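Here the structure comes first, spelled out in structure tokens, and everything after it is commentary.
Nothing in this text is a laboratory measurement; each read-out follows from the coordinates by a stated rule. Because the structure is predicted, anything quoted here is derived from the model rather than measured. Because the Cβ atoms are built from the backbone with ideal geometry, glycine has one as well, and the counts that use them run over all protein chains shown.
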Amino acid sequence: MSNVISRREALLFTALGAMSTGSSISYAQGASGNRKSVMKYVRCYADADGESHLEDVELDMPVQDFGTANVPDLAMTKSLNASKIFFVRVEANKPEHREMDWHTPPDRRFGIWLEGETEIITSDGDIRHLGPGDVALAEDTTGKGHRSRNLRDVLIAFVTLSEES
């Protein structure tokens, strides 16, 4: 077996690493006053009227067994079931890539920004800038959706969540 990994495997490891080591990791004060790890992401969702909104979400990261030998207990989130992962390159110099009009994702998916910068605009007027290490959950599968403005070339890893997640 070769110890050489493919470019695709390297990107996958980079994407998964962004979820655990990027700018989305921080510490919060626990109920007992102890510092606890949390993973932050932006959630884009639609309300009952079809308007899209953004909210900041924190996932607790308790220290627990990683599940493999010779690895210490680590701060990690609960497992989420995913059905696929794929990578998207957006070239901001192409007009059709720079400004993407109102759209909804076909399914619930996490986007993990590996390169570049994107603005997400919701129908309520909220705007967020996402860049390397940022994570967003697109759940606005119905309603008006959101717009995207790519300010620089972007590389995003999308992780589609299974129905049971």
Problem - Those lysines that a straight Cα-Cα span of less than 30 Å connects to LYS94, excepting residues fewer than 8 apart in one chain - result: LYS84, LYS144
Exercise for the section: Work out from phi, with θ = phi - 60° and the Karplus expression 6.51 cos²θ - 1.76 cosθ + 1.60, the ³J(HN,Hα) of each residue of the range 125-141, listed in order in whole Hz, and give x for Gly and Pro. Expected result: x, 5, 10, 10, 9, 10, x, x, x, 7, 10, 10, 10, 8, 10, 7, 6
Completion exercise
Final fewest-first order of ARG108, ARG98 on the 10 Å Cβ neighbour count is ARG98, ARG108
Problem - Nearby lysines by direct alpha-carbon distance to LYS78 (threshold 23 angstrom, same-chain neighbours under 8 apart not counted) - result: LYS36, LYS40
